[in-house]
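Each remark here refers to the structure printed beneath this line.
Here, each number is a calculation from the coordinates, and none is a lab measurement. Bear in mind that the values here come from a model prediction, so they are computed numbers and not experimental data. Here the Cβ positions follow ideal geometry from the backbone for every residue, glycine too, while neighbour counts run over all protein chains shown.
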2 protein chains.
Amino acid sequence: MTEFTDALVDVVAATETALLKLIPENEGPEAQIFQAMRYSAMAGGKRLRPFLVIASADLFNVSRLCSERVAAAIEMIHTYSLIHDDLPAMDDDDFRRGELTCHLKFDEATAILAGDALLTLAFEILAHSDTHNSAKIRADLVLEISRAVGARGMVGGQMLDLVGEQSVFGKPEITRLQRMKTGALINCSCQAGAILGDASETQRHLLNAYAHDIGLAFQIVDDLLDIDGDPDELGKATNKDIKAGKATFVSLLGVERARVQAEILINQAIKNTESFGAKGNLLRDLARFVIERHN
Amino acid sequence: MTEFTDALVDVVAATETALLKLIPENEGPEAQIFQAMRYSAMAGGKRLRPFLVIASADLFNVSRLCSERVAAAIEMIHTYSLIHDDLPAMDDDDFRRGELTCHLKFDEATAILAGDALLTLAFEILAHSDTHNSAKIRADLVLEISRAVGARGMVGGQMLDLVGEQSVFGKPEITRLQRMKTGALINCSCQAGAILGDASETQRHLLNAYAHDIGLAFQIVDDLLDIDGDPDELGKATNKDIKAGKATFVSLLGVERARVQAEILINQAIKNTESFGAKGNLLRDLARFVIERHN
């Protein structure tokens with residue numbers, strides 16, 4: 001796994017360099033919006049979605065100059081979703097990755113606007129000719145990603161999470177919630193790599209299946225960590241779902257069956273990368289990493 | 001002006017038809033996000049920005065099928081900005097156009113998410129091939145509009161409005177605030193029409209100057225209406241700026257000089273449309289409408 005660990009470190013560094021370069025600075029009285037964007041975007045994290053963009057694009061020999069910009073744009077969208085989800089009117093979280101959430105570090109208005117600005121900046125980056133010289137590819141990226149993160153995807157998933165009577169949710173409803181709230185952005189990270197690489201329909205289907213499986217496995221592992229993870233290592237409180245009376249994969253299946261389910265999904269994901277040969281190594285290693293992680 | 005009044009009514013109807021068609025419906029437990037999107041998007045308004053998109057695109061004989069989609073996308077962005085600006089953490093407004101604001105009709109979380117979803121949907125529409133068959137034009141629309149409404153434009157303007165010590169703002173600072181907060185979206189509405197019409201650089205400059213002037217005049221008239229408008233006709237409270245101790249064009253210039261300034265701007269705007277000949281009639285009529293309006 002050394003090669004994989006190196007690749008992970010590389011992606012984190014490249015993503016953070018891109019984020020710092022792409023989030024503008026400003027000395028005006030409104031400077032705090034830029035500070036808040038930067039604070040939340042640079043607050044750590046595994047950079048899973050950037051890794052998926054870059055590893056998927058690598059399958060098709062896409063220039064890293066292109067894939068790193070798209071990776072940063074998708075990470076901005078992920079960051080915006082976390083800022084808004086943490087707000088008092090939503091999940092009301094005080095800490096994220098061991099740091100104060102944006103609305104506590106700054107204030108609520110700044111957090112709302114910084115989230116709005118990160119989402120908007122992501123689309124600006126995707127549409128810019130520096131991202132790819134084909135306008136068709138740029139428009140396709142905007143279309144794919146906006147579909148994934150709107151009301152029928154990520155944002156709708158957050159709505160569902162807030163209003164759904166999760167105590168009565170069964171496995172189909174929990175699966176739908178996961179697909180929308182976290183799966184859609186994970187999925188479109190792989191699809192963004194495929195779009196950059198002008199992948200065939202078959203290749204896009206394989207990446208779709210791969211992302212679908214690791215997204216679900218990622219959520220199951222999250223639910224397991226919420227029960228038996230180390231709050232210090234996680235940088236956030238545990239047992240939140242149980243306290244909130246929320247149904248999760250673990251509350252529905254039990255710890256053992258949930259773990260087995262995650263392993264089945266990871267093996268399926270790995271199978272779907274076989275036709276990419278050695279170029280699929282990073283995606284395969286990532287799949288194993290998803291299930292072995294401790295935070 | 002009968003022709004103009006008819007045109008205004010037509011644009012309102014076409015925009016509302018497009019909004020209803022483009023904002024999806026859904027029967028899931030998360031349905032309220034779609035209801036909130038629709039509630040705020042359909043809550044009336046002059047549809048000034050759609051009018052500017054369509055009238056600008058008409059200069060270049062763009063199909064209404066294209067310009068009405070772009071008009072609806074820009075109106076969604078305008079609606080999202082109003083929903084977020086009205087939130088308790090921001091301007092904390094209870095009424096908008098005589099109706100309950102989104103967070104009071106629904107709740108704060110739903111309002112935040114409905115705003116997010118409208119912004120995202122706007123970019124989805126712009127990037128979709130139904131909007132234009134040229135991917136270059138679609139990518140250019142996304143780029144132009146995302147720049148206008150991000151942290152260096154509309155959203156930054158709202159931040160400035162919230163944090164700027166407006167009591168000490170002079171005319172240059174108030175002008176910068178207006179350009180960002182309301183001018184940027186008005187401007188890019190005209191530019192969107194020009195992009196759809198593949199306008200020349202000169203034509204784009206003329207439209208830019210036109211939009212710049214009517215945007216500023218629109219704001220001055222807003223400030224005047226805040227002082228001597230009819231709250232019932234406006235559908236919102238008046239004297240808000242004075243109560244908040246905010247500097248405005250009117251507090252800086254006085255009522256009479258502000259009115260003269262608005263008239264100068266409108267005449268300048270009209271001058272900038274001359275080279276479009278009879279095709280520029282709608283834009284000229286709109287400029288006169290901006291200064292004569294009572295709400």
What are the ³J(HN,Hα) couplings of the range A:267-281, residue after residue, when phi is run through the Karplus curve with 6.51, -1.76, 1.60 and θ = phi - 60°? Round to Hz, x for glycine and proline. 5, 4, 4, 4, 4, 6, 9, 4, 5, 7, x, 4, 4, x, 3
Could you give the dipole magnitude of the range A:2-292 about its Cα centre, charging the beta-carbon of Lys and Arg +1 and that of Asp and Glu -1, in debye to the nearest 20? 900
How large is the Kirkwood hydrodynamic radius of the protein assembly as shown, counting all unique pairs of alpha carbons, in Å? 24.8
Along the charge dipole of chain A, Cβ charges K/R +1 and D/E -1, which of A:239, A:22, A:277 sits furthest on the positive end? A:277
Given the C-alpha atoms of the range B:161-295, compute the convex hull and give its volume per residue in Å³. 114
Area projected by the alpha carbon convex hull of the range B:2-292, averaged over all directions, nm²: 14.5
Checked against the positive end of the charge dipole of the range B:2-292 (+1 on Cβ of Lys and Arg, -1 on Cβ of Asp and Glu, about the Cα centre), the farthest of B:59, B:111, B:163 is B:59
With springs connecting C-alpha atoms under 10 Å apart, model chain A as a Gaussian network and identify which of A:30, A:68, A:274 has the largest mean-square fluctuation. A:30
Taking r as the C-beta separation of residue B:35 and residue A:230 and R0 as 41 Å, the FRET efficiency to the nearest 0.05 is 0.50
Could you size up the charge dipole of the protein assembly as shown around its Cα centre, putting +1 on the beta carbon of Lys and Arg and -1 on that of Asp and Glu, and report it in debye to the nearest 20? 1320
In nm, what does the list of distances from residue B:61 to its counterparts in the other copies look like, shortest first, when each label sits 7 Å along Cα to Cβ? 4.6
Taking R0 as 51 Å and r as the Cβ-Cβ distance between residue A:168 and residue A:21, the FRET efficiency 1/(1 + (r/R0)^6), rounded to the nearest 0.05, comes to 0.60
Spelling out what I want: for every residue of the range B:214-225, take phi, set θ = phi - 60°, compute 6.51 cos²θ - 1.76 cosθ + 1.60 (Karplus), and round to whole Hz; glycine and proline get x. 6, x, 5, 4, 4, 5, 4, 5, 4, 5, 5, 5
Sites residue B:42 and residue B:64 - FRET efficiency at Förster radius 22 Å, r taken between beta-carbons, to 0.05: 0.60
Contact order relative to length for chain A, counting C-alpha pairs under 8 Å separated by 6 or more residues, stands in percent at 19
Shortest-first distances to equivalent copies, position residue A:105, nm, label 7 Å out along Cβ: 3.5
Just to confirm the numbers: residue A:244, label point 7 angstrom along the Cα-Cβ line, distances to the other copies in nm, shortest first? 3.2
Amide H proximity to residue A:96 below 5 Å, modelled H, separation 5+ or other chain, gives A:101
Given the alpha-carbon gyration tensor of the range B:1-145, what are the semi-axes of its equivalent ellipsoid in whole angstrom, ordered largest first, with each equal to the square root of 5 times an eigenvalue? 26, 18, 13
Exceeding 29 Å between C-alpha atoms, which entries from my cross-link table qualify? They are B:105/B:243; B:21/B:105; A:46/A:136. A:46/A:136
Give, in nm to one decimal, the length gained when the segment between residue B:279 and residue B:259 is fully stretched (0.36 nm per residue of separation minus the Cα-Cα distance). 4.4 nm
Residue separation between residue A:94 and residue A:243 times 0.36 nm, minus their alpha-carbon distance, gives in nm 52.0 nm
Phi-derived 3J(HN,Hα) across the range A:193-208 with the Karplus relation (6.51, -1.76, 1.60, θ = phi - 60°), rounded Hz, x for Gly and Pro, is x, 5, 5, 4, x, 6, 5, 6, 4, 4, 4, 5, 5, 5, 5, 5
Report the one residue of B:36, B:73, B:83 whose Cα lies farthest in the direction of the positive end of the charge dipole of the range B:27-99 (charges on C-beta: Lys and Arg +1, Asp and Glu -1; origin at the Cα centre). B:73
Before anything else, pin down the relative contact order of the range B:97-253: Cα pairs under 8 Å, at least 6 apart, normalised by residue count, whole percent. 23
